[in-house]
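Worksheet: one structure, shown below.
The values are calculated or read from the model by the stated rules, or taken from the named source; none is laboratory data. Quick caveat, the model's predicted, so the values are computed rather than measured. All Cβ positions, even for glycine, are placed from backbone atoms using ideal geometry, and neighbour counts span all protein chains on display. For accessibility, only protein heavy atoms count, side chains too; no ligands or nucleic acids. Shrake-Rupley method; radii C 1.70, N 1.55, O 1.52, S 1.80 Å.
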Amino acid sequence: MLLIDNDGVSLRNTRYGDVYRSVSGCLQESEWVFVEPAWQMIERLASHGRTQFHVLELGFGLGFNLSVFLDRWLKRAKPSWRCYVQSIELHPLGLDEYRRAWAAVAGPPATELVERWLHCFDADGAYALPGIHRYALHSNFWFDFFVADVSMALKRLHTSFDIVFLEGFS
């Protein structure tokens, strides 16, 4: 389902013919477009006494937003804070596809970022079965991987969210 173009410039989803993004600068793009604005919101909410934060991601894709957001969280969150990220993805990739994509995108330095969550995914592919899969990525950071169509999943989520990462293709 994942194709790395021969020119090494882009990652494509062969199921839909979509370009995930350019190989160059994708982690920076995730930082600027999603993580930095999200962190500003968290700091604003925290300044008003909030200690729990709920993030919804519509379209997990290759996991760049989760990876960059988790990295920021581990570096800057206060120990008393709690974060719950729920990400919805209809067609998760295979473990090897995630690893190949990350190797193409950022090489060895980014391996630590992706392995923070990818090591939780079951080698037998159970993570890709329909439903919600919960992973504790840190003592104060939880990740729910919801394998479902976005329109169906949103009807089943009974919580409010402080931040929404909206991918255009979801």
- Of the residues that make up segment 100-111, is at least one open to solvent by less than 30 Å² (accessible area, probe 1.4 Å), hydroxyl-bearing (S, T, Y) and outside any loop (DSSP other than H, G, I, E, B)? no
- Query: If you take the residues in segment 11-41 that are among the hydrophobic types (A, V, I, L, M, F, W, C) and at pLDDT 85 or above, which one is surrounded by the most Cβ atoms within 10 Å (Cβ to Cβ)?
  - Reply: V35
- Message: Looking only at segment 42-90, how many residues end up being open to solvent by 20 Å² or more (accessible area, probe 1.4 Å), outside any loop (DSSP other than H, G, I, E, B) and of a type in the set (S, T, N, Q)?
- Response: 2
- Message: Would you confirm, using the coordinates I've provided, whether R99 is charged (D, E, K, R) and under 30 Å from R44 (Cα atoms)?
- Response: no
- D122 fails exactly one of the following numbered conditions: (1) part of a helix (DSSP H, G or I); (2) open to solvent by 40 Å² or more (accessible area, probe 1.4 Å); (3) of a type outside the set (S, T, Y). What is the number of that condition? (1)
